[in-house]
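Undergrad: Have a look at this one.
The values are calculated or read from the model by the stated rules, or taken from the named source; none is laboratory data. Keep in mind that this is a model prediction, so the values were computed, not measured. With ideal geometry, Cβ positions are generated from the backbone for all residues, glycine too; neighbour counts draw on all protein chains shown.
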Amino acid sequence: MNKNVLITGSNRGIGKVILLKCAQNGYNIIAHTRNYKPEFSEELRAIEKEYSVSIRNVCFDLTDSQAIKNGMKEIFDMHIDIDILINNAGVTFYNKPFMMTKIDEARNLYNVNFFAMLEITQYCIKKMIRQKNGCIINMSSICAEDVLPCNTIYGSSKAAVSSFTKNLASEVGKYGIRVNAVAPGGVETDMIAPVMDYFTGEYLETVPLNRLASPNDIADLILFLISDNAKYINGQTVRVDGGRY
């Protein structure tokens, strides 16, 4: 029987590639997006048909705790197990010095990058404990460890993700649940478009492979980590940075 995977932020960038690769590999998918979009729904139906998998689109705002609760209830009302959770969704802002960052801006970033992840994971992990198995992948960043310009808020939110990952892994491993994180470097997506000059210039000089990652590079690692080939990998944050550090 196909395993079921919940992917947050699945309609663009890395999340969309993860969704496609999961479908290609026979996973049934719960595709989270913030809003319903007819064109994305049509894409999901086409992917579903092509790869003979089930794909359900669930929409809720990650900055709204009640919306998260309602969205997770909608998922659980489907009466399907969640075997794998991929906490992919995230936001950032660039070229914003700490002293110029409003606390509400920082709070909103943390709500998406960290607290929404906590809430969704808590809902899923209760079911995984009853199932006595599960796999969770969190999206961290090299910014959790590396110094990048004007990156204090985003970097600290991703450091929290990495710390959460290894501590949760130590807590739930006894239930057969694995928890890992992926830490991409610069990835060619819309997210870095506002500062592409930096990433193709000064940043790229620090990358021995001399290119940015593609979303496929990140998705391929995630596909490995959720597979049985990685069944003894737990509590790790795996960098995908072309050898930068």
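Undergrad: For residues that are buried (at least 19 other Cβ atoms within 10 Å of the Cβ), more than 21 Å from Lys231 (Cβ to Cβ) and touching an Asp or Glu at 6+ places or on another chain (Cβ under 9 Å), tally how many sit in region 134-148.
TA: 1
Undergrad: Consider region 146-157. How many of its residues are in contact (Cβ under 8 Å) with a residue 60 or more places away in the chain and either assigned to a loop (DSSP other than H, G, I, E, B) or among the charged types (D, E, K, R) (or both)?
TA: Residues meeting the conditions: 1.
Undergrad: Check Leu209 against each of (1) closer than 17 Å to Asn151 by Cα; (2) surrounded by fewer than 17 Cβ atoms within 10 Å (Cβ to Cβ) and name the one condition it does not meet.
TA: The single condition Leu209 does not satisfy is (1).
Undergrad: Here's something else I'd like to know. Specify which of the listed residues (Val53, Val17) is part of a loop (DSSP other than H, G, I, E, B) and in contact with a helix residue (DSSP H, G or I) (Cβ under 9 Å, 6 or more places away or on another chain).
TA: Working: Val17 fails: part of a loop (DSSP other than H, G, I, E, B).
Result of the check over Val53, Val17: Val53.
Undergrad: So Asn180 passes all but one of these: (1) farther than 30 Å from Lys69 by Cα; (2) at pLDDT 95 or above; (3) touching a Leu at 6+ places or on another chain (Cβ under 7 Å). Which condition number does it fail?
TA: Among (1) farther than 30 Å from Lys69 by Cα; (2) at pLDDT 95 or above; (3) touching a Leu at 6+ places or on another chain (Cβ under 7 Å), Asn180 violates only (1).
Undergrad: Give me the pairs, please: first residue somewhere in region 24-52 and touching a residue at least 40 places away in the same chain (Cβ under 8 Å) and surrounded by fewer than 13 Cβ atoms within 10 Å (Cβ to Cβ), second residue anywhere and outside any strand (DSSP E or B) and not polar (S, T, N, Q), beta-carbon distance under 7 Å, and either six or more positions apart or on two chains.
TA: Short answer, once both residue conditions are applied: none.
Undergrad: For region 64-107, which residues satisfy the criterion of being without any contact (Cβ under 8 Å) to a residue 60 or more places away in the chain, surrounded by 16 or more Cβ atoms within 10 Å (Cβ to Cβ) and not in a loop (DSSP other than H, G, I, E, B)?
TA: Ile68, Gly71, Met72, Ala106
Undergrad: So Cys143 ticks every box in (1) of a type outside the set (Lys, Arg); (2) under 20 Å from Asn28 (Cα atoms); (3) part of a helix (DSSP H, G or I); (4) at pLDDT below 95 but one. Which box is left unticked?
TA: Only one criterion is unmet by Cys143, namely (2).
Undergrad: Any idea which of (1) charged (D, E, K, R); (2) more than 24 Å from Val179 (Cβ to Cβ); (3) not in a loop (DSSP other than H, G, I, E, B) is the one Asp61 doesn't satisfy?
TA: Result: Asp61 fails condition (3) only.
Undergrad: In region 197-209, what count of residues is obtained for those that are in contact (Cβ under 8 Å) with a residue 12 or more places away in the chain and either of a type in the set (A, V, I, L, M) or under 16 Å from Tyr245 (Cβ atoms) (or both)?
TA: Here the count works out to 7.
Undergrad: Take Ser170 and tell me if it is in a helix (DSSP H, G or I), buried (at least 18 other Cβ atoms within 10 Å of the Cβ) and either in contact with a His (Cβ under 6 Å, 6 or more places away or on another chain) or in contact (Cβ under 8 Å) with a residue 12 or more places away in the chain (or both). Quick ask: steps written out before the conclusion?
TA: Values: in a helix (DSSP H, G or I): yes; buried (at least 18 other Cβ atoms within 10 Å of the Cβ): no; either in contact with a His (Cβ under 6 Å, 6 or more places away or on another chain) or in contact (Cβ under 8 Å) with a residue 12 or more places away in the chain (or both): yes.
No, not satisfied.
Undergrad: Name the single residue that is farthest from Val91 (Cα to Cα) among those in region 113-140 being of a type in the set (S, T, N, Q) and at pLDDT 95 or above.
TA: Asn133
Yes/no per residue for (1) under 28 Å from Asn2 (Cβ atoms); (2) of a type in the set (S, T, N, Q):
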{"position": "Met139", "(1), (2)": "yes, no"}
{"position": "Glu145", "(1), (2)": "no, no"}
{"position": "Asn167", "(1), (2)": "no, yes"}
{"position": "Tyr175", "(1), (2)": "yes, no"}
{"position": "Ala183", "(1), (2)": "no, no"}
{"position": "Glu188", "(1), (2)": "no, no"}
{"position": "Asn216", "(1), (2)": "yes, yes"}
{"position": "Leu221", "(1), (2)": "yes, no"}
{"position": "Tyr232", "(1), (2)": "yes, no"}
